[in-house]
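Written below as structure tokens is the structure these notes are about.
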Number of protein chains: 2
Amino acid sequence: MNAKPYLCAVIQASFSDNREENWRQLESLLEQAASQGAGLALLPELHNGHYFCQHESNREFERAEAVPGPTTEWLSRLADRLDLVIIGSVFERRAAGIYHNTAVVLDNDGTLAGQYRKMHIPDDPGYYEKFYFTPGDNPFRPVTTRLGKVGVMVCWDQWFPEAARLMALAGADILAFPTAIGWDPEDTEDEKERQQDSWMTVQRSHAIANGIPLLAANRTGHEPDPAGNNAGIQFWGGSFICGPQGEIGHQAGADETGCFLAEIDPVHNESVRRSWPFFRDRRIDAYAGLTRRWNDSTSHDMETDND
Amino acid sequence: MNAKPYLCAVIQASFSDNREENWRQLESLLEQAASQGAGLALLPELHNGHYFCQHESNREFERAEAVPGPTTEWLSRLADRLDLVIIGSVFERRAAGIYHNTAVVLDNDGTLAGQYRKMHIPDDPGYYEKFYFTPGDNPFRPVTTRLGKVGVMVCWDQWFPEAARLMALAGADILAFPTAIGWDPEDTEDEKERQQDSWMTVQRSHAIANGIPLLAANRTGHEPDPAGNNAGIQFWGGSFICGPQGEIGHQAGADETGCFLAEIDPVHNESVRRSWPFFRDRRIDAYAGLTRRWNDSTSHDMETDND
């Protein structure tokens, strides 16, 4: 277990639909992160091209690749050369007919340390992910790296307190979310602000409730709707790193491209868990209802119901 | 089910250790709330006197009373007279040796609609609650009132995403937290700010993650440590009402006494759940680990582990 403070980086960028071009940009940003002393870097979700889930098209499956495969091999070389733990994102072809939205973790010697297949799959206008991605069947298990255990999940997972809690209970030292989220350009400014603020708040809350640092890397820039039906997505950037009290270490602006660093201190993290001992007081005898879809008035969570 | 918008009030005050004095003050504040059009009002935790859990003393058990009992009878008369759903807080004597920190809900005709016994009990310097309060054995079930189902919990419960989720899944229309939380006057200003911000953030996050409005009523003012060992507690006020996107309807200052109102709109609440369909996508097949204390590497959440 690494007990020394280290620097984490979140990488934020806009992407073209040309993989080589995106790789060159990301390579340069990862080099910057390493030269600034980062030990771990997180990339945005599906960083090889446009966020193709804005429409449903069979042609888009041609983007999928194996894990390990071209993207993990590219990241592996970088991780080894830069002495950097790298968390990337792959549209994974696991088998004909089984495709996943997968986060991959390369240890700082280039080893593929582990992967995570997105568990919660959205399906909303502009985010037609249920068409492309089979829900993950991994349990929520962190990936062990030289810098500790990384609880990596993907985007929509970030709205579910259950996911963050399970990763923390499985021993994660940090949580990390590759992300692709943005505004409908036709929404009001008020609604845009509420949405981005909700996104920050719910993730900072995972950090607080679990006494754990958290990284979120989002893309930026506008991408048109390939089907031409609506105004596309304006990705809202805002990538951030927060500590175990939800305190912001660094947050990027909506339109910035760059690598953004903050320090993680494992000793401080444990001291926060001692002062705010939520894990001590969880009522695990009363949480069975969390594995149900809806708890109607006839189902009971506990043996003893004194109402 | 009430589908019309209505006004909620959170009551914030400092308390003496004289019950009659506190009741007169609260009566006046509840009258104000009703005269301003509130349909529901939430009081702070243990509003009959000082927050006695700053020390451990057998004498303090003399404060405990039955439910129903003097406090619920007083609140019942007020609820009926003011046509107000009132959520109050009682140090409950359930039996010799079994005492609870209990929230009580009076419907607007004065009926004791239900109660909730605090499930998560803190025990930290200044908050020695495990000495006084037996953990609740209620399931997380909302109380049905004329204005809808109230998911009432108490203070420390507010830090546990599981509790908020279970109340929401049991059909709560709003969440409500009587609270007594404050600063150690000897902490730094930075630490105080982080703590209060964490408190807001984690509760706003429950609203967001569950698409549900939330009320928190806290006390204010300084109360000395009865044992004289430390600087006492400076209760931080900051009572608030937020909507289902975590948007603040009203927040009180640190030192204000008063009733603070905001509107709840059940139709808007359901529309937010349609736009942000977290309940649709919960992975109930993968959440079994939430009923465990810690998930070590040999326990498995799911049948299929593809790592």
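The values are calculated or read from the model by the stated rules, or taken from the named source; none is laboratory data. The model shown is predicted, which means the values in this text are computed figures rather than measured ones. Reconstructed Cβ throughout: ideal geometry from the backbone, glycine too, with neighbour counts over all protein chains shown. Accessible surface is based on the protein model in full, side chains and every heavy atom, while ligands, DNA and RNA are left aside. Shrake-Rupley method; radii C 1.70, N 1.55, O 1.52, S 1.80 Å.
Quick notes
- Where chain A is the region considered: accessible area per residue in Å², 1.4 Å probe: 36
- Taken about its Cα centre, the protein assembly as shown carries a charge dipole of roughly 1200 debye when the Cβ of each Lys and Arg holds +1 and the Cβ of each Asp and Glu holds -1.
- Coupling constants for the range A:143-150 follow from the phi torsions by the Karplus curve (6.51 cos²θ - 1.76 cosθ + 1.60, θ = phi - 60°), and in residue order they are 9, 7, 10, 4, 9, x, 9, 9 Hz; glycine and proline get x.
- Summing both sides, the accessible surface hidden between B and A at a 1.4 Å probe radius is close to 6600 Å².
- Members of A:LYS130/A:LYS192; B:LYS118/B:LYS149; A:LYS149/B:LYS130 lying beyond 26 Å, as alpha-carbon distances in this model show: A:LYS149/B:LYS130
- Within the accessible area of the protein assembly as shown (1.4 Å probe), percent carbon and sulfur: 47
- The mean sequence distance of close C-alpha pairs (under 8 Å, at least 6 residues apart), as a share of the length of chain B, puts its relative contact order at 20 percent.
- At least 40 Å² accessible surface lost relative to isolated chain, residues of the range B:180-224 (1.4 Å probe): B:ARG194, B:SER198, B:THR201, B:ARG204, B:SER205, B:ILE208
- Threshold 40 Å² - residues in the range B:252-291 whose accessible area is reduced by that much or more when the chain is no longer isolated, probe 1.4 Å: B:TRP276, B:PHE278, B:ARG280, B:ASP281, B:ARG282, B:ARG283, B:ILE284, B:TYR287, B:LEU290, B:THR291
- Here is how far apart the A:LYS130 label points are across copies: 4.4 nm, shortest first, using a point 7 Å from Cα toward Cβ.
- Column: log10 I(q)/I(0), Debye, Cα scatterers of the range B:182-307, q = 0.10, 0.14, 0.23 Å⁻¹: -0.53, -0.83, -1.22
- Across the range A:245-258, rounded Karplus estimates of 3J(HN,Hα) from the backbone phi angles (6.51 cos²θ - 1.76 cosθ + 1.60, θ = phi - 60°) give 10, x, 6, 6, x, 7, 10, 7, x, 5, 10, 6, 10, x Hz, Gly and Pro being marked x.
- Phi to ³J(HN,Hα) by Karplus 6.51 cos²θ - 1.76 cosθ + 1.60 over the range B:119-133, Hz, x for Gly, Pro: 8, 9, 10, x, 7, 8, x, x, 10, 8, 7, 5, 5, 9, 10
- Relative counts (whole %) of C-alpha pair distances in the range A:6-306, using bins that are 10 Å wide: 6, 28, 35, 22, 7, 1, 0
- Chain A, dipole about Cα centre (Lys/Arg Cβ +1, Asp/Glu Cβ -1), debye to the nearest 20: 1100
- Anisotropy class assigned to the protein assembly as shown is prolate, per the alpha carbon gyration tensor with a/c at or over the 1.5 cut-off and a/b larger than b/c.
- Computed [θ] at 222 nm, deg cm²/dmol, chain B (DSSP H ≥ 4; -39,500 (n - 2.57); rounded to nearest 500): -8000 deg cm²/dmol
- Within chain A, the longest run free of GluC sites (Glu not before Pro) that sit in a DSSP loop with at most 10 other Cβ atoms within 10 Å is A:1-185.
- Kirkwood radius, the range B:119-265, all distinct C-alpha pairs, inverse of mean reciprocal distance: 16.0 Å.
- Taking every residue in A:161-174 and counting other chain Cβ atoms within 10 Å of its Cβ, the average works out to 5.
- Positive-end ranking of B:ALA9, B:ALA103, B:VAL267 along the dipole of chain B, with charges on Cβ about the Cα centre, is headed by B:VAL267.
- For the segment B:131-138, counting C-beta atoms of other chains within 10 Å of every residue's C-beta and taking the mean gives 3.
- Label-point spacing at A:GLU27 relative to the other copies reads 7.9 nm, in ascending order, each point sitting 7 Å out from Cα along Cα→Cβ.
- Cα gyration tensor category, rounded, prolate or oblate, for the range B:193-252 with a/c compared to 1.5: prolate
- Distances in nm from B:HIS268 to the matching label points in the other copies, shortest first (labels 7 Å along Cα to Cβ): 3.8
- Within the same chain, aspartates and glutamates fewer than 8 places from B:LYS4 are excluded, and of the rest, those with a Cα less than 16 Å from its Cα are B:ASP173, B:GLU263, B:ASP265, B:GLU270.
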